[in-house]
Amino acid sequence: MSEKSGETKKSTKQIIIETAFSFFLEPRYHDFSMNELAAKVGISKAAIYRHFSSKDALLLEMEEHFFDLTALRTAAILNEKNESLVHFAKLIEFFDEHKEFINYSIIQFSRRKDFGRQLGEAMKKRGIKDLSFFFIEPSSSKDLRFSFSRSFYIALSMIFFIKLREISAKQNPAQKIAPSGEFGKKLVEFLHGGLESSVKEGDILFPQKIDSERMKELDEICKIQKDTFPEENPIFCAIAKVSCGCGIGGVTLEKVAETLGMAKSSLYFYFDNKLDMFKSLIERELSLLEEFVRENFAEAKNFSEFAWILLRSNLEFFMTRKSIIPSLSWFLQGVTENPFETQGREISNIWEKRMGGKVLRPDLGFFIKPQWITTWLGCISMALSIVAQNHSLSKEEAFEMLSFVFDFLEFGTK
């Protein structure tokens with residue numbers, strides 16, 4: 001590697017890899033092409049193929065780059081001999097500095113059933129013995145599902161609030177945002193102590209313990225009676241089938257039409273493009289979900305019951321209508337910049353009004369809109385439904401994990 005003006009000059013290969021990752025700074029609804037990459041780097045496509053024999057070879061190098069940087073930062077964090085909470089705060093700083101890794105991780109975990117295992121193996125190979133930062137594979141063991149649920153909740157919440165902090169800064173440029181290091185510490189403290197330690201007693205968000213009998217009543221309320229629900233949309237079912245082989249980013253109108261046994265011109269009659277197809281179909285599903293949960297929310301006596309009803313109803317819906325699950329990674333990349341926030345804002349306004357205009361607690365160093373609390377809960381149930389499908393968990397196992405997550409949310413991971 002050559003030196004210029006006292007600085008290390010990046011190789012063309014490094015520039016190509018980093019530029020490829022830059023596509024993940026924004027939500028990706030389709031895979032980037034080599035033509036797009038060449039244009040963004042400012043070289044010819046042929047020049048890219050001098051460094052990578054194929055796109056698959058590039059994707060493999062990108063994965064190794066992700067593993068290398070993650071292991072390097074994790075090793076540096078662990079070598080500081082701090083408490084585990086400080087370690088997690090440092091890891092939050094790392095992902096805050098590399099936001100492109102967030103959407104990349106969401107897509108990989110959504111698309112590949114074994115990505116969690118591969119990540120763990122890659123860290124071990126690179127000398128990381130403490131894997132508490134990373135996903136372990138859920139299994140039939142309740143203890144392992146508990147550990148997995150804890151890792152899942154921390155990782156999902158970490159990703160959500162990093163993205164939310166950026167969105168909040170864009171929407172409210174005049175507000176004072178806590179710097180990355182302070183934000184990391186605040187977020188870790190919140191996740192460690194839960195709402196119980198982060199809000200004052202008497203606050204709308206302060207946890208109210210739900211006894212076992214009441215929980216049974218709420219669970220019964222959240223059950224879907226299949227005979228009262230319309231059948232799943234055949235186009236959505238086709239999208240789910242196509243995405244099994246290539247991920248949601250590889251879905252095209254042509255592939256969907258072929259799966260349905262129809263001419264692609266028939267789909268173009270209804271939709272202008274793939275994004276239009278996704279939006280139209282998802283809006284229909286969300287309308288159905290909205291109607292379902294709106295009725296359930298009426299039974300909530302406090303915010304804790306509202307939170308459980310939202311989590312349980314969403315997971316029940318997604319696991320009953322599994323054709324929508326492959327599309328959920330699309331939501332998780334966008335967080336609040338997606339139709340789910342609109343759905344959450346409409347159906348939970350009674351609770352958001354009680355929260356007030358801005359939620360000042362928990363204090364994460366930036367303003368949190370009330371509807372973002374709802375969206376956070378929605379993202380948890382979305383991500384958990386993806387995990388359940390990828391690891392072939394039964395409904396009972398998925399709901400068990402949801403109960404673990406609910407306890408972490410209310411009372412912390414401590």
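The values are calculated or read from the model by the stated rules, or taken from the named source; none is laboratory data. As the structure is a prediction and not an experimental result, all values here were calculated from the model. Here Cβ is always computed from backbone atoms with ideal geometry, including for glycine, and neighbour counts include all displayed protein chains. Protein only, heavy atoms only, side chains kept; ligands, DNA and RNA dropped before computing areas. Shrake-Rupley method; radii C 1.70, N 1.55, O 1.52, S 1.80 Å.
Some observations on this one:
- Residue match in the range 239-257 (condition: open to solvent by less than 80 Å² (accessible area, probe 1.4 Å), within 26 Å of Thr374 (Cα to Cα) and acidic (Asp, Glu)): no
- Restricting the range 188-237 to residues that are hydrophobic (A, V, I, L, M, F, W, C) and exposed (fewer than 15 other Cβ atoms within 10 Å of the Cβ), the residue that is nearest to the chain's Cα centre (by Cα): Ile224
- Only one of the listed residues (Phe160, Phe152) is open to solvent by less than 20 Å² (accessible area, probe 1.4 Å), out of contact with any helix residue (DSSP H, G or I) (no Cβ under 6 Å at 6 or more places or on another chain) and under 30 Å from Lys395 (Cβ atoms). That residue is Phe152.
Quick grid of which residues meet (1) open to solvent by less than 40 Å² (accessible area, probe 1.4 Å); (2) not in a helix (DSSP H, G or I):
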| site | (1), (2) |
| --- | --- |
| Ala20 | yes, no |
| Pro27 | yes, yes |
| Glu36 | no, no |
| Ile48 | yes, no |
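Every residue, every condition in (1) under 21 Å from Phe408 (Cα atoms); (2) polar (S, T, N, Q); (3) open to solvent by 10 Å² or more (accessible area, probe 1.4 Å); (4) modelled with pLDDT of 85 or more, yes or no:
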residue	(1), (2), (3), (4)
Ser287	no, yes, yes, no
Arg294	no, no, yes, no
Trp308	yes, no, no, yes
Phe317	no, no, no, yes
Thr320	no, yes, yes, yes
Pro339	no, no, yes, no
Arg345	no, no, yes, no
Ile350	no, no, yes, no
Asp363	yes, no, yes, yes
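- Residue match in the range 205-220 (condition: under 19 Å from Ser385 (Cα atoms) and touching a residue at least 12 places away in the same chain (Cβ under 8 Å)): yes
- Among residues that are open to solvent by less than 80 Å² (accessible area, probe 1.4 Å), more than 30 Å from Ser327 (Cα to Cα), within 29 Å of the chain's Cα centre (by Cα) and at pLDDT 90 or above, Ile15 is included.
- Residue in the range 114-134 that is over 28 Å from Glu64 (Cβ atoms) and out of contact with any Cys (no Cβ under 8 Å at 6 or more places or on another chain) present: no
- Test: residue in the range 112-126 that is open to solvent by 50 Å² or more (accessible area, probe 1.4 Å), among the basic types (Lys, Arg), under 21 Å from the mean Cα position of the chain (by Cα) and modelled with pLDDT under 75: yes
- Pick from the range 163-180, criterion in a helix (DSSP H, G or I) and among the hydrophobic types (A, V, I, L, M, F, W, C), ranking: surrounded by the most Cβ atoms within 10 Å (Cβ to Cβ): Leu164
- Within the range 402-414, the set of residues being modelled with pLDDT under 95 and surrounded by 19 or more Cβ atoms within 10 Å (Cβ to Cβ) comprises just one member, Thr413.
- Residue count for the range 267-285, restricted to those that are open to solvent by 40 Å² or more (accessible area, probe 1.4 Å) and within 24 Å of the chain's Cα centre (by Cα): 5
- Checked against (1) crowded, with 22+ Cβ neighbours inside 10 Å; (2) closer than 21 Å to Phe297 by Cα; (3) modelled with pLDDT of 75 or more, Ala388 passes all but a single condition, namely (2).
- Unmet requirement for Phe66, which otherwise passes all of (1) open to solvent by 10 Å² or more (accessible area, probe 1.4 Å); (2) under 13 Å from Ile17 (Cα atoms): (1)
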